[in-house]
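Below: the structure, in structure tokens.
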Amino acid sequence: MEEGKLTNHTLQKILFDKINIKNKEVLIGAGIGKDTALLNFESDLFSISTDPITGSKNGIGRLCVNISCNDIATSMATPVAMMVTMLIPTYANIEDIEEIIDEILLTCEENNVDLIGGHTEVTSSVNKFILSGVCIGRKENIVNPTPKANDKIVMSKYAGLEGSAIISLDLKEEVEKFLTKEEISKTSKLIKDTSVIKEGLIAKNLNVSLLHDATEGGILGGVWEMAENSGLGAIIDIDKILILDETKKIAKHFNINPYKLISSGVMLFITDNDEKLIEELNKQNIPSSTIGYLTKEKEIYILKNGVKEILSPPSQDELYKVI
């Protein structure tokens, strides 16, 4: 394709004609000649976040929406609207672009989020599709408690969820060497479980002081960041971390640590009532587990085979050792 912005005619056909505004907060959405959107949140607060998708090839439309919305969910706000920037490699064709746009729109629909604008551009500066999302959410003016020592740390879903999906989708030929067709199907479908919006809305009605989406750095990186954010220490029991057998096999084959593998779709919570939180998560068929607790001491430890080891700050995600 020629470098530069997509034409207005193309955008109207593959994007704007497909948009149907759902949320009353959206006064002006995406369209030809519209440089900005307009939202009305009345007296409520609004939460805003941005995130790029750079580490995967397949499912990037879904990941862009879910990961942007997940950041909003960590503030216990409701995602309302999104804007997406799409940088397109010159070798792409219009069918490639429309497939990603359709995936974005479908995931927005699933999350009840409106796509209100963005930017599309073909450029030789990239050698694969790069998406960057901005998400805006509405938050009731709720004051949350402050994290304190002995508060429990709870996780939802499974460690390495997103990383397992990306590896299975993008490196299928290699993964076929050690996983069965059924196992590959299972891990590939994990891409659909990368949203934590439900978890954020559940936490809003409980005594949860802090939430964090376990993205780069995985479960252990996410816990380290939460403890650091709280000004406290933590002890995490590796044996309590939920993880799929298929993820363990992927980690073993590629010689990576699954607990430090990108885990979008996993929400980490700090709460003084983990039993009630887990009960509510179970009602929504969301697997969860108490994996540790905060401490007065600033050090962060992991328990592994009964031995306590210091947890170092997160570094490069394990996914980049594979892709």
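What to note about this one:
- Relative contact order of the range 22-92, defined on C-alpha pairs under 8 angstrom at six or more residues apart (%): 24 percent
- Computed over all pairs of different Cα atoms, the Kirkwood value for the hydrodynamic radius of the range 154-269 is 14.6 Å.
- Cross-link pairs beyond the 24 Å C-alpha cut-off, checked among 57/321; 18/172; 177/248; 276/298; 249/321; 57/248: 18/172; 276/298
- Note on the range 279-323: with charges restricted to the Cβ of Lys and Arg (+1) and Asp and Glu (-1), its dipole about the Cα centre is near 100 debye.
- The range 22-95, accessible surface, carbon-and-sulfur percent (1.4 angstrom probe): 53 percent
- Note that the range 104-178 presents 43 Å² accessible area per residue, ligands and nucleic acids not counted, probe 1.4 Å.
- When the chain is treated as a GNM with alpha-carbon contacts under 10 Å, the residue of 158, 91, 293 showing the greatest mean-square fluctuation is 91.
- Calculated accessible area for the range 283-323 comes out at 65 Å² per residue, all protein chains present (probe 1.4 Å; ligands, DNA, RNA ignored).
- Once backbone amide H atoms are built at 1.01 Å from N, residue 293 has 153, 235 as its partners under 5 Å, excluding neighbours fewer than 5 places away on the same chain.
- Overall form of the range 84-146 per C-alpha gyration tensor (a/c, 1.5; a/b vs b/c): prolate
- A helix-only calculation puts the chain at -9000 deg cm²/dmol for mean residue ellipticity at 222 nm, using -39500 (n - 2.57) for each DSSP H run of at least four residues, averaged over all residues.
- To put it simply, the accessible area of the range 123-210 at a 1.4 Å probe is 51 percent carbon and sulfur.
- Cα centroid separation, the range 105-127 to the range 1-71 (Å): 5 Å
- Per residue, the range 13-75 exposes 51 Å² of solvent-accessible protein surface, assessed with a 1.4 angstrom probe and all protein chains in place.
- Surface composition of the range 217-307: carbon plus sulfur atoms contribute 43% of the solvent-accessible area (1.4 Å probe, protein chains only, all chains present).
- Pairs of Cα atoms nearer than 8 Å and 6+ residues apart set the relative contact order; for the chain it is 22 percent.
- Magnitude of the charge dipole for the chain, about its Cα centre and with charges confined to Cβ atoms of Lys, Arg (+1) and Asp, Glu (-1), is about 480 debye.
The values are calculated or read from the model by the stated rules, or taken from the named source; none is laboratory data. Keep in mind it's a predicted model, so treat the numbers as computed, not measured. Quick reminder, even Gly has a Cβ in these numbers, built from the backbone with ideal geometry, and neighbours come from all protein chains shown. Accessible surface areas use protein heavy atoms only, side chains included; no ligands, DNA or RNA. Shrake-Rupley method; radii C 1.70, N 1.55, O 1.52, S 1.80 Å.
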